[in-house]
Amino acid sequence: MDIQIKRRFNENELPDMQSVVADAEKIASGISIGETLFMKKHGVKSEGEYKRKMMKAGKITKHTHIGWNDWSTTEQGFKRVYEELEKAGSFIDRFGVCLDWIMGVPENYRDKFQAGGGLIFKTQDEWSAIGQVVPVQPHLGDHMIGSLNGVDNTVNALGAGVTTIGNLAHYYTYEYPGLDMELYRTEDYMKAIAIMAHFKDDGAIIHSNLDDGYGAQFHDLANLVGWAKLERYIAEDLLGARVSHCYGNLFSDSMLRIVFNRAMTMIDKYDTPGSFVNGNTIDYGMDISRNYGALCAYSLADIVCQMKYPSGYAVAPVPLTEAMRVPSVEEILEAHKTIDMMIEKAPYYEKFINWEKINSEAEILVTGGNAFFERVINAMDDLGIDINHAGQVASALKAIGAEQLEVAFGAGLSNKNAMRGRIPIRPTSIIQTINKIRDDVISKQRFEEERPLTGINIVLGSTDVHEFGKEIIKNVLKKAGANVFDLGTTVSVAEIADTLIETGSNVVLMSTYNGIAYSFGKNLLESLKEANLEGVHVIMGGRLNEPIDGSDLPVDVSHMLKEMGINTDNNVETIVDVIASFNR
Amino acid sequence: MRFAVLVDFGSTYTKMVCVNIEERKVVATDKYPSTVSYDAAIGLYQCFDAARAAIGDENFRSALKLATSSAAGGLRMAVVGLTKSLSIEAGRNASFSAGAKIVCSMAGLISEADLETIEGSEAEILLLCGGYEGGNTHGLLHNAEVLSESKLAIPVIYSGNSSVARDIRRIFISKGKECFLAENIIPDVSSLNIKPTADIIRELFMNRITNMKGVGSVQKEMDGPIVPTPAAILSAGELLCFGTKNKTGMGTIMVADIGGATTDIYSYIENKSFSGAKIIGTPEPFAKRTVEGDMGMRESSICLVKEVGEKNFAERCGISEIFLKEAIEKRTTFTDYIVDDCREKIIDHNIACYAVNISARRHAGYVAKEFSSGCRLVQRGKNLTEIKTIVGTGGIIVNEDDAVSILENVRINTSEKGHILLPEKINVLVDWDYVLFAAGLLRKYDEEAAFAIMERSLRLI
C-alpha cells in the first residue's frame, strides 16, 4: 500500500549521529547528578538503584502524581502527603511532578506565550528544591525529553537529582502551538536521549508513557508492544540509553495489565526497572463508589504482578476524584490507604493465578510485536530512511502516524471488514469495549433472516478523528444487509454530496464528537440542496453539541438539527428500522 | 540493433531524432514541414533520408524505427461522468495519461442540450464513467440511453460501476455504436484505477485514429505502433524522475510542453496532504498530465490573451491594444509564423509566460478553509509544493533567449502561498535537443540510452 508521509522537515537536514552524540557528551561532561533527600535517606545514587534493591527485597513501591499549580502549594503538598502517610504507618516512594507546558519551550521563546499557570522553574536552585523537601524521589515526565526544550530540562533535572526522566512518547503527540520547530525538536530529542545515555551506568532511566503517545492510538496490543520496541530501538540501540515503558491509563482489564507488564519485561534486554504503572482511569467517572471498585481492581493486579515478577514498576493509587477535579491531599491519602490494604491481601491471590497462561499470552503479544517491529523497520529502509539514524527514524514514524503504521504493518490478520483492515491479535481495552457494544446491539436485533436493509446503499463517516461510533453503526448496518460506503474520519461537507451521487445512496450517517454538530449539519443540508439532493435522509449521532451564540461551552443542539430535518435519535438500536422506513 | 530512428508527426513539423543506442548518444536530429494533412509518408521519408545520411545504409536498415503523433492537436475525447470531483476527474486523468485532450466534459444526468454540445465537440472517443462498485446505476443507464440515441459515431469506452456494464454495452450496441468495457475507474471510496481505461484509449488511438493521411504506409515502416506524443513524453518524464538501474533519477519533477495549440503540464510526485489538510475528491495519480486547449503560442493565443485580458496583456508587453490584436491575428492565421522583430518576440515571450503560469495553476491542487466551525483545511487536487525541478520542452522554449524566466512562472508568489500548491523555488532545465518524445519511445527498448540522451539534452552531462 502507499504510505503517506506527512513530513514537516527534510530529515536529511538533521546533523549526523556522531555530531549529535559528541555534542551530548560535551554537555553531559559538565553535569553531576544531584543528591536528593530520598537518595541520602536510602543510601543510593539513583532511583534505579533503589528500585533494584526493592525488587530484590520483594517490596512494592508507590507513586503519586502531583498537579498543583505553584511551587509553594506543591511544597506544602509534598510535606503533608509524606508526613501524613508516615503518621498512618504508610509510605510513598516517588512523586510524579507535572511542569507547566511553557517549560517545554526554549527560554528565548517563552515571552511570546501565555504560561499555563503550572509549575515553572527558572534557576538551578529552583529546580534542585524539588528533591529537597521530603525524602520522596521526584519523577519528571511531561515537557521534558520530547518537548522543544529537552536538553535544558534534562540537564537541570539531572542536576537536581532526578534520574528517571520522561517522556519519549511526548515527541509524537504533544504539539506546542505556534512553534513549528520540528527539525530543532528532533535534534534536541536525540541529544537529550544521548545525555541520558551518558549516565546510564549511574542509573539514568528514560521514561515513556505509552498511553500518552502513539500507544493510545493503536487498536492491537501486539502492535503496541512492537511500538515500544521501536521506541527502545531509537533510544537504546541507536543512542545507548535505558528505557522504561509506563502504561495503564487505558488498560481496563485487570489481568491484561499483568500480561502487558510481562510483555514489557520480555522486550527489555537490560532489565531496566520500570517507572510506574498508571491507574486505570478509563473506568473512573462521577460515581465515587464505582471508582473505588476500579481502584481496588486494577491495583490488586498491579501489586500481584510485582510480587510474582518484580520489575520495579511503582503502583499508582489514583485518587477517586481524579475524573472530577485536581485531588486534594486528603484524597491522595485515601487512595494510598486503600492500596495499602490491597498490598496486604494480594499474596492470597498470587498463588492461585494461572501464571503459565499469563506468560503465554504475553509471548503472543511479543511475537506479534516483533512482527510489527520488523515490518516497520524494513519498510522504512525501503522508503529511503536511514534506519541507523535515531532522528530520521523518530521523525519518519511521527510523519507516518500510528493509524497508517497499524493499517500497513499491523501484526493482525488482514480482513477487509475489520477496523483498520486487520483483526487485532489482542484488542486494546477500548477496542474490547467497542466490540462488546457492537455485539450487544447486533444480538438485540432480530433481522438475521430478513436483513431489512438489503439493496440499500448508505454513505457513512465521522466529522472528526473519532471512529468508534461509526464502526459500531457500520457493523450493524452491514449485518442488516446494507451496502455501506465509508468515507472514513474527518469527513468534509464538500465531499459528501458527490459521494452520495456516485454511490447512488439516499441516506447519509455522520458521527460527530468534537462540538461542531450544528454547523456541520447546517452546511451539509446546504450543500445537498445545492446538489439537488434534497431527498437525501441525513442522520447524525454521537455527541450532538456545539457552542452557540458566542459562548465557550458546547450545548446540546439535537433539537435544532431535528428542526432542520436531520434525524437525531442517536439510538443504535432503532437505526435499522429508521432507515428501512425511509425506503418503504 | 545499434541505432534508433525516432520520428514525431506534429502539425507543424515532422521531427526526427537518430540515436546511437550503444553509445547512448543522439547522432542526428532534423525537422521538415509537416505533411500529415495530405501524406504523412512524405515527411517520414525526408526524415529517413536524413537518418540514412547520418548513419549509413546498413545501420539504417537494421535501426529500430518508432514514431509518435500529435497531428491535428492529438486525440480528442469527451468524458461523461456523474460528479465533477470524482468520476469526471478520474476520467480526465485517464484520458490525459493516455495522451488525449479533453474537448468536452459533462457531469450528472445529461440532457438533449448537453448532447448537442458533445456532438459539436468533434470528440473522437467518448468515455462514459461513474459510480463506485455497487453504487449508482440509475444515472449511468440514463446517460447511456441518451448517448445511444445521439448522432455520435465514435467509439464509447465504459469504465463505470461494473454491475450495469453489460446492460450499458447492450444499449450502445443495439443502436449500432461501438462500446468497449474497462474496469471501474473508481472502484471504491478513495481508490483510483485509471490504467485499464488509459490502455484502451491508447489502443484505439493506435488502431483507429491518428489524424493523418497516409498512416497506413507510415505504420508499415515502423517497428511498433504509433504512440500519442504526450503519452511518450509522460513516459520520458517518469524515467527522468525515477532514473534507471545505474542512474539516479531527478526525483520530483514537472514538465511543461508549450505548443502552438496547447500547453501540456506533467508532474511526477506522490500526492501528499499540505499542512495536514483533508484531501478530498478522487485520488491523484503519481504521474499526472493535464492539457490546456486554450493555452498555446499560435492557434489558441487568442483564447490565452482573452483569458489574461487584452488591456492587461498589451500593457505588460508595452504595446498598444491594436498592435496586439494584429499580432494575435497573425498567429492564429499563420500558425507556422516565426517572430521577426523584437516587439513580436516580447509578445511570444509573454504568451509563453502566461501559458506556463495559467496551465500550471490549473494542473496544481489548492487548499482552502472550508468549514468554519471545524476550521478545516481542505485540499483539492495535487500538492506540488515539493517539486524540485521543471523541464521545458517544445519549440518556443528552445528558440527563446530566456527560457528560464518562462518556466519560472510555475513558482507561486507571496499572495498564493498556502493556497495554490505549487513550489516556491524551482530549478529550470530545458530539453534543448527536443528528445523527450524520443526518450519516451526508446525507454521500452533501452532505458539507459533513453535516460542518457535526456541528460545530454538537458545539459546535465
Legend entry - Flag for B:LEU192 being hydrophobic (A, V, I, L, M, F, W, C) and at pLDDT 90 or above: no
Inset, instruction - Identify the single condition in (1) in contact with a Lys or Arg (Cβ under 9 Å, 6 or more places away or on another chain); (2) assigned to a helix (DSSP H, G or I); (3) free of Cβ contacts under 8 Å to residues at least 40 places away in the same chain that B:ASP167 does not satisfy, given that it satisfies every other one. - result: (1)
Legend entry - For A:GLU175: the one exception among (1) outside any helix (DSSP H, G or I); (2) modelled with pLDDT of 95 or more; (3) not hydrophobic (A, V, I, L, M, F, W, C): (2)
Legend entry - Matching residues in region A:303-316 - criterion: being open to solvent by 10 Å² or more (accessible area, probe 1.4 Å) and either farther than 22 Å from A:SER244 by Cβ or not in a loop (DSSP other than H, G, I, E, B) (or both): A:GLN306, A:MET307, A:LYS308
Inset, instruction - Could you run through region A:239-261 and say how many residues are among the aliphatic types (A, V, I, L, M) and closer than 17 Å to A:ILE431 by Cβ? - result: 4
Inset, instruction - Say whether the condition of being outside any helix (DSSP H, G or I), open to solvent by 10 Å² or more (accessible area, probe 1.4 Å) and farther than 24 Å from A:GLY248 by Cα is met by at least one residue in region A:99-112. - result: no
Legend entry - Leading residue by the ranking (farthest from the chain's Cα centre (by Cα)) among those in region A:234-260 that are part of a helix (DSSP H, G or I) and touching a residue at least 60 places away in the same chain (Cβ under 8 Å): A:LEU238
Inset, instruction - Would you confirm whether any residue within region A:80-87 is more than 14 Å from chain B (Cβ to nearest Cβ), assigned to a helix (DSSP H, G or I), without any contact (Cβ under 8 Å) to a residue 60 or more places away in the chain and open to solvent by less than 70 Å² (accessible area, probe 1.4 Å)? - result: yes
Legend entry - Filtered residue count, region A:499-532, keeping only those that are touching a Gly at 6+ places or on another chain (Cβ under 8 Å), open to solvent by 20 Å² or more (accessible area, probe 1.4 Å) and facing chain B (nearest Cβ under 10 Å): 3
Inset, instruction - State which residue is surrounded by the fewest Cβ atoms within 10 Å (Cβ to Cβ) when the search covers only region B:322-337 and only residues that are within 18 Å of B:GLY309 (Cβ to Cβ) and among the hydrophobic types (A, V, I, L, M, F, W, C). - result: B:ILE322
Inset, instruction - Examine region B:164-185 for a residue that is within 14 Å of chain A (Cβ to nearest Cβ) and not polar (S, T, N, Q), and state whether such a residue exists. - result: yes
Legend entry - Residue match in region A:13-35 (condition: within 13 Å of chain B (Cβ to nearest Cβ), exposed (fewer than 14 other Cβ atoms within 10 Å of the Cβ) and under 29 Å from A:GLU406 (Cβ atoms)): no
Inset, instruction - Return yes or no: is A:ASP439 within 32 Å of the chain's Cα centre (by Cα) and not aromatic (Phe, Trp, Tyr)? - result: yes
Inset, instruction - Mind listing just one residue for me: the one in region B:111-163 that is of a type in the set (Asp, Glu) and crowded, with 18+ Cβ neighbours inside 10 Å and, of those, nearest to the other protein chains (Cβ to nearest Cβ)? - result: B:ASP114
Legend entry - Output for region B:258-312, where each listed residue is more than 20 Å from the chain's Cα centre (by Cα), buried (at least 22 other Cβ atoms within 10 Å of the Cβ) and away from every other protein chain (no Cβ under 14 Å): B:VAL305
Inset, instruction - Look through B:GLU408, B:GLU424 and report the one residue that is in a helix (DSSP H, G or I), surrounded by fewer than 18 Cβ atoms within 10 Å (Cβ to Cβ) and acidic (Asp, Glu). - result: B:GLU408
Legend entry - Where a residue in region A:480-506 is more than 14 Å from A:LEU524 (Cα to Cα) and among the small types (Gly, Ala, Ser) and its partner, wherever it lies, is open to solvent by less than 10 Å² (accessible area, probe 1.4 Å) and part of a helix (DSSP H, G or I), with Cβ under 7 Å and at least six apart: A:ALA480/A:VAL576
Inset, instruction - Answer yes or no as to whether A:LEU544 is assigned by TED's automatic domain parsing to the domain that holds A:GLU467, crowded, with 19+ Cβ neighbours inside 10 Å and at pLDDT 90 or above. - result: no
Inset, instruction - Go through region B:2-56 residue by residue and tally those that are over 22 Å from B:TYR445 (Cβ atoms) and not polar (S, T, N, Q). - result: 15
Inset, instruction - For B:SER85, work out the one condition from (1) surrounded by fewer than 24 Cβ atoms within 10 Å (Cβ to Cβ); (2) among the small types (Gly, Ala, Ser); (3) away from every other protein chain (no Cβ under 14 Å) it doesn't fulfil. - result: (3)
Inset, instruction - Could you tell me whether B:SER105 is open to solvent by 10 Å² or more (accessible area, probe 1.4 Å), more than 30 Å from B:MET1 (Cβ to Cβ) and polar (S, T, N, Q)? - result: yes
Inset, instruction - Tell me the strands (runs of 3 or more DSSP E) entirely within region A:510-584 that contain at least 1 residues that are over 28 Å from A:LYS479 (Cα atoms) and in contact with a Leu (Cβ under 9 Å, 6 or more places away or on another chain). - result: A:545-547, A:554-556
Inset, instruction - Run down B:ILE185, B:ILE233, B:ILE201 and say which single residue is in contact (Cβ under 8 Å) with a residue 40 or more places away in the chain, under 30 Å from A:SER505 (Cα atoms) and surrounded by 16 or more Cβ atoms within 10 Å (Cβ to Cβ). - result: B:ILE185
Inset, instruction - Mind telling me which of the residues A:ALA169, A:ALA192, A:ALA222 ends up being over 30 Å from A:ILE431 (Cα atoms) and either of a type in the set (Gly, Ala, Ser) or buried (at least 24 other Cβ atoms within 10 Å of the Cβ) (or both)? - result: A:ALA192
Legend entry - Qualifying residue in region A:382-391 (condition: assigned to a loop (DSSP other than H, G, I, E, B), buried (at least 21 other Cβ atoms within 10 Å of the Cβ) and of a type outside the set (Val, Ile, Thr)): yes
Legend entry - Number of the condition not met by A:TRP68 [criteria: (1) assigned by TED's automatic domain parsing to the domain that holds A:LEU238; (2) crowded, with 16+ Cβ neighbours inside 10 Å; (3) in a helix (DSSP H, G or I)]: (3)
Inset, instruction - Look through region A:485-498, keep the residues that are surrounded by fewer than 22 Cβ atoms within 10 Å (Cβ to Cβ) and of a type in the set (Val, Ile, Thr), and return whichever of them is nearest to A:ILE456 (Cα to Cα). - result: A:THR489
Legend entry - Filter result for A:ASP439 (farther than 26 Å from B:ILE88 by Cα and within 12 Å of chain B (Cβ to nearest Cβ)): no
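The values are calculated or read from the model by the stated rules, or taken from the named source; none is laboratory data. All of these numbers come straight from a predicted model, not from anything done at the bench. Positions of Cβ are generated from backbone atoms using ideal geometry, with glycine treated the same way; all protein chains shown enter the neighbour counts. Side chains included, ligands, DNA and RNA excluded: accessible areas come from the protein's heavy atoms. Shrake-Rupley method; radii C 1.70, N 1.55, O 1.52, S 1.80 Å.
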